[in-house]
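The values are calculated or read from the model by the stated rules, or taken from the named source; none is laboratory data. These figures come from a predicted structure and were not determined experimentally. Positions of Cβ are backbone-derived with ideal geometry, glycine not excepted, and every protein chain shown enters the neighbour counts. All accessible areas refer to the heavy atoms of the entire protein, side chains included, with ligands and DNA or RNA removed. Shrake-Rupley method; radii C 1.70, N 1.55, O 1.52, S 1.80 Å.
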Amino acid sequence: MSLKKLVAGNWKMHGLSADLAEVMAIADASRQYPNVDVALCVPAILIERAARAVPGFAIGGQDVHYAEKGAHTGNISARMLLDAGAALTIVGHSERRDALRESDEEVKAKATAALSCGLNVILCVGESLEIREQGKAVATVEAQLGASLPDGIGSHAELAVAYEPIWAIGTGKVPTSPEIGEMHAAIRTRLRDRFGTAGEQVRILYGGSVKPSNAGEIFVIRDVDGALVGGASLKADDFMPIVAAAARVSLP
Ligand code: PGA
């Protein structure tokens, strides 16, 4: 059974007030593709304005703190994201795992806090080039999942997992289709082990240099239930062909 595809943009540290026009263009164009879920994870400071500008379209954050509130200078809680109008958040992106030394345990706590608050979560995992060259990519991602997946998934918020090989992010390099297929199958098995049949409903996104030119071949791979898109999500002209590619391989 195939799941409805989710194509989520990750704007990272890009986006000023003027770029709200792109958010509106993407939200507007996405209405043509009701068989695909589309979301944009924008910088925190844009969330509220973006959410107001495009009611009904999913705007997300790029990170969340695991605590409900407290002395955590510079951080944002799940309730704050929801309060600003966010519907989802990314957790565990490799750029944060690397630069901020975020551990699997911290990522798990963030995912758990966000889900229990009613925010949908995209939890990122992925291996470095060195690990892939050592033939340890699958084992490494399985270990990341083992330690960073929440213990349970309720019914009021949805978990998705994004497989993002670090060496493919922003580089123009993409794993082969069999490599993506092997990893997504391994992730599906882990999700089933952890959550039982509910693990079959968790969407598994691929991320790392997804472009209009390669999206079609990525979306037909088994257990690829969508994409997390960085650079190509900043402009409607680049992002919408990716959404259209997801729509083409989906049921009407
Ligand atoms: P990219 O980024 O599409 O620019 O490679 C993907 C990501 O980091 O989520």
Practice prompt. Answer with one residue from 45, 77, 30: the one whose Cα lies farthest towards the positive end of the charge dipole of the stretch 1-154, charges on Cβ with Lys, Arg +1 and Asp, Glu -1.
Written response: 30
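Just round it to a whole percent: the fraction of Cα-Cα distances in the stretch 29-98 exceeding 16 Å. Could the numbers behind the result be given before it?
Details: 1222 of 2415 pairs.
So the portion of pairs separated by more than 16 Å is 51 percent.
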Practice prompt. Give, rounded to the nearest 20 debye, the magnitude of the charge dipole that the stretch 135-231 has about its Cα centre when Lys and Arg contribute +1 at Cβ and Asp and Glu contribute -1 at Cβ.
Written response: 120
Response to the item:
Where a ≥ b ≥ c are root eigenvalues of the Cα gyration tensor, a/c under 1.5 meaning rounded, otherwise prolate if a/b exceeds b/c and oblate otherwise, the chain counts as rounded
Item to complete: Return, ordered by residue number, the residues of the stretch 109-138 whose backbone nitrogen is under 18 Å from a label point located 7 Å along Cα→Cβ of residue 103.
Response: 109-113
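So, by mean Cβ neighbours within 10 angstrom, what's the order for 67-77, 185-195, 167-177, 118-128 with the highest one leading? Write down the numbers at each step before the final one.
Working: 67-77: 11.2, 185-195: 17.7, 167-177: 15.9, 118-128: 23.5.
Peptide ranking by packing, descending: 118-128, 185-195, 167-177, 67-77.
Take every Cα pair under 8 Å in the chain that's 6+ residues apart, average their separations, divide by the length, and report that relative contact order as a whole percent. Don't jump to the answer; show the numbers that get you there.
On the way: 512 pairs, mean separation 56.3, N = 252.
Over the chain, the number comes to 22 percent.
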Worksheet item: Amide H neighbours of residue 77 under 5 Å, counting only residues 5+ apart in sequence or on other chains, H built in-plane at 1.01 Å?
Response: 65
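Answer rounded, prolate or oblate for the stretch 88-135, using the Cα gyration tensor with square roots of eigenvalues a ≥ b ≥ c: rounded when a/c is under 1.5, else prolate when a/b is larger than b/c, else oblate.
On the way: a/c = 2.84, a/b = 2.29, b/c = 1.24.
It is prolate, given that a/c is not under 1.5 and a/b is the larger ratio.
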Practice prompt. Rounding to the nearest 20 debye, state how big the charge dipole of the chain is about its Cα centre with +1 on each Lys and Arg Cβ and -1 on each Asp and Glu Cβ.
Written response: 340
Worksheet entry | Computed helical MRE - 222 nm, the chain, DSSP H runs ≥ 4 contributing -39500 (n - 2.57), nearest 500 | -12500 deg cm²/dmol
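Quick check: from the Cα gyration tensor, does the stretch 110-249 come out rounded (a/c under 1.5), prolate or oblate? Display every interim value, and only then the final one.
On the way: a/c = 1.70, a/b = 1.22, b/c = 1.39.
Verdict is oblate for the stretch 110-249.
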Worksheet item: Amide H of residue 122: which non-local residues (sequence gap of 5 or more, or other chain) have their own amide H closer than 5 Å, using H built in the peptide plane?
Response: 89, 90, 91, 160
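Mind checking the per residue accessible area of the chain for me, 1.4 Å probe, whole number of Å²? Mind showing how you got there, number by number?
On the way: 11440 Å² over 252 residues.
Here the residues of the chain average 45 Å² of exposed surface.
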Worksheet entry | Leading residue at positive end of dipole, the stretch 176-252 (Cβ point charges), from 250, 195, 230 | 195
